[in-house]
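S.K.: What follows is a single structure, and I will ask about it in a moment.
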There are 2 protein chains.
Amino acid sequence: MSDVARAAGVSSATVSYVLSGKRPVTAETRESVHSAIDRLGFRLNPVARSLRTGRSMMVALVVPDLANPFYALLARSIQDKLRGRGYHVVVSNTGAQRGEEEALLQEAVHQRFAAVVMTPFRLAADAFEMIRGAGIPVVVSADTPFDGVDLVTPSSDQAVVDALTHVAASGRRSVGVIAGPLDVPGGDPRLDRIKTHVAALGLQVRDEHVVHGEHTREAGAAGFEKLLRSSRRPEAVLCVNDMTAVGAMDVAEELGLEIPGDIGLLGHDDIDIASLVRPRLSTIRYSAREVGAVASALLLEQIDGRTQPRTVRVSAQFVRRASL
Amino acid sequence: MSDVARAAGVSSATVSYVLSGKRPVTAETRESVHSAIDRLGFRLNPVARSLRTGRSMMVALVVPDLANPFYALLARSIQDKLRGRGYHVVVSNTGAQRGEEEALLQEAVHQRFAAVVMTPFRLAADAFEMIRGAGIPVVVSADTPFDGVDLVTPSSDQAVVDALTHVAASGRRSVGVIAGPLDVPGGDPRLDRIKTHVAALGLQVRDEHVVHGEHTREAGAAGFEKLLRSSRRPEAVLCVNDMTAVGAMDVAEELGLEIPGDIGLLGHDDIDIASLVRPRLSTIRYSAREVGAVASALLLEQIDGRTQPRTVRVSAQFVRRASL
């Protein structure tokens, strides 16, 4: 601290005010202190290091819906892995709004965040060009491909085949899907995977049995109601995630429909709620903890110098409970 | 932008690189641009404003447990209220660890956050002196009193009386409490409120029927097991929050205990999970959405110039469902 003070021609107390923000200082003083820190390559602690590099020790996790416990668990997993390296994880919620997604990436550049982990919802891959240009490591967690950035993505074909095999074995034939929204780059890969595998198992997804909406409980309720209004209702409904499946259960209970007797239901993710609802929700487990661990590892590799993008697949599993 | 470039003696492109972080620039260039921005009192947009003031447009929400949906909802509520003023909300999880709570407050000062909303868990009021000294507005959401900062706190005596009245009316007399940890400044005010009101309603809380632990599902399960091992088990158990009550339900189900037949159960908060579990959880509703709205209003008052600390009470209500 006293070296910096000498180099900047100010008192140690002044350096401390600049670093801590405890007292207002003039712009000139602030700049001469920062300049002295730059010259001395100050390495004493993370704050000084981040002042020197212009980078904070904060890692931004940007997610579409913090009310979905999948993302809270993802945040904790990343935090557990990065804490040992001195990083703080801050979580931002975009509400699946493209404008918010773009604004938060800009803010991450402006704040000189150390790195960004993001589940984009309405962004295309080129949205990451600015942040990559700023030299900030990025890891994307998504079902759809993203070129030019590190990607954590599910390997879930086998889980979908297992779930559909179980649907077929239970004597059901007509499958409905509560899918994600239509206005998303790359569409809904979870819907695509179901469509890829149904025919081989003797099942059918009729066009009127595919409904689209956000990944929320409310959208799941609305989608399920729409499916029930179709001319012949499906015998099993596969949902884009557990939250939408819980919304479907709300409607089933309201209408006195028995699950799985009247209609089978499958979620995706296996958040805690899946085993708390009654009947317990059958689902495709995609571990937020494992996704977070992989994302953290990729991010540290980048911080340590790797520049070539990598894709890592995290395998998903069919979990049979009572709803299907 | 061109005014800044002229004043700093650099090109507009360079100013843009400094503002966006798109290209690396030397420390001297960065400083001359920032200095020009300071001199010109640049007000065109939030980024420029934050450069001028040294403050970011980020508001930190610091919470003990992001896996508790109460805090995810609190985050969304604050975000909804502050978005219109150009602020971004970032959420940090302390895991109820005092070291993390302190580190995140320091980081908020270092990053020049615009404001901090925090639910402290193991911090005392003096922990906020540094951040207040840095001129950063703070709002605390807590059950315990915190001097010198804005406070949002529940008004829940009536709700507790209503819940206990219902316990008494259902013929139960012996009440157990799954309370918060013992090593917390201010203790557990939810336990204190129960103890204040039991006697007047003809109820009894025996010493062996008070157990302490974290505010998590796991701690709730452990606490409930401990209560069941007491010489005479309580007829109703009141939990510090809904997550601990869900942990108690896990154990009850495992052991084949009927709720509410064998033992009544009450939560606190009324998160979504309370109405998803079976039997539906009776609870004391404390609206995260309302707490967030009040905290945001207090914060904006401070940003707009109020300096005298205020305390606002948000009323809680007993919600009778099936578990009690």
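S.K.: Can you say whether B:V90 is crowded, with 24+ Cβ neighbours inside 10 Å and within 7 Å of chain A (Cβ to nearest Cβ), as far as the supplied structure shows?
M.R.: So B:V90 passes the test.
S.K.: If you don't mind, there's one more thing I want to ask. Take the residues in the stretch A:268-302 that are among the hydrophobic types (A, V, I, L, M, F, W, C) and in contact with a Pro (Cβ under 6 Å, 6 or more places away or on another chain); name whichever of them is nearest to B:V246 (Cα to Cα).
M.R.: A:I271
S.K.: Name the one entry in A:G176, A:G264, A:G256 that is over 19 Å from the mean Cα position of the chain (by Cα) and without any contact (Cβ under 8 Å) to a residue 40 or more places away in the chain.
M.R.: Being over 19 Å from the mean Cα position of the chain (by Cα) and without any contact (Cβ under 8 Å) to a residue 40 or more places away in the chain holds for just one of A:G176, A:G264, A:G256, which is A:G256.
S.K.: Any residue at all in the stretch B:244-259 that's modelled with pLDDT of 95 or more, touching a helix residue (DSSP H, G or I) at 6+ places or on another chain (Cβ under 7 Å), assigned to a loop (DSSP other than H, G, I, E, B) and away from chain A (no Cβ under 14 Å)?
M.R.: Checking the stretch B:244-259: not a single residue is modelled with pLDDT of 95 or more, touching a helix residue (DSSP H, G or I) at 6+ places or on another chain (Cβ under 7 Å), assigned to a loop (DSSP other than H, G, I, E, B) and away from chain A (no Cβ under 14 Å).
S.K.: For B:D183, which of the numbered conditions (1) away from every other protein chain (no Cβ under 14 Å); (2) more than 19 Å from B:H215 (Cα to Cα) fails to hold?
M.R.: (2)
S.K.: Just for the stretch A:208-264: of the residues that are of a type in the set (S, T, Y) and surrounded by fewer than 23 Cβ atoms within 10 Å (Cβ to Cβ), which one is farthest from A:A322 (Cα to Cα)?
M.R.: A:S231
S.K.: Let me ask you something else. When B:S56 is evaluated against the numbered criteria (1) within 16 Å of B:A114 (Cβ to Cβ); (2) surrounded by fewer than 20 Cβ atoms within 10 Å (Cβ to Cβ); (3) modelled with pLDDT of 65 or more, which criterion, by number, is the only one it fails?
M.R.: (2)
S.K.: Right, another one. Quick test of your reading of the structure: B:V160 fulfils all but one of (1) touching a His at 6+ places or on another chain (Cβ under 9 Å); (2) surrounded by fewer than 16 Cβ atoms within 10 Å (Cβ to Cβ). Name the failing condition by number.
M.R.: (2)
S.K.: If you don't mind, there's one more thing I want to ask. Determine which member of the set A:D242, A:D207 is among the acidic types (D, E), assigned by TED's automatic domain parsing to the domain that holds A:L265, over 15 Å from A:R173 (Cβ atoms) and under 18 Å from the mean Cα position of the chain (by Cα).
M.R.: On inspection, the qualifying residue turns out to be A:D242.
S.K.: Tell me yes or no: at least one residue of the stretch A:137-148 is within 14 Å of chain B (Cβ to nearest Cβ) and not polar (S, T, N, Q).
M.R.: yes
S.K.: Give me the residue from the stretch B:31-41 that is at pLDDT 75 or above and over 14 Å from A:V33 (Cβ atoms) and, out of that set, nearest to the other protein chains (Cβ to nearest Cβ).
M.R.: Among those that are at pLDDT 75 or above and over 14 Å from A:V33 (Cβ atoms), it is B:S32.
S.K.: For the stretch B:93-117, enumerate the residues that are closer than 17 Å to B:P185 by Cβ and away from chain A (no Cβ under 13 Å).
M.R.: Result: B:R98, single match.
S.K.: Inside the stretch B:95-214, counting only helices (runs of 4 or more DSSP H) that do not spill past its ends, which hold 3 or more residues that are at pLDDT below 95?
M.R.: Hits in the stretch B:95-214: B:98-110, B:129-133.
S.K.: Restricting to the stretch B:71-87, and then to whatever is under 23 Å from B:I271 (Cβ atoms) and of a type in the set (S, T, Y), can you tell me which residue is nearest to the other protein chains (Cβ to nearest Cβ)?
M.R.: The residue in question is B:Y71.
The values are calculated or read from the model by the stated rules, or taken from the named source; none is laboratory data. Just so it is clear, the model here is predicted, and its values are computed rather than measured. A quick note on method: Cβ atoms are made from the backbone with ideal geometry, for glycine too, and the neighbour counts reach across all protein chains shown.
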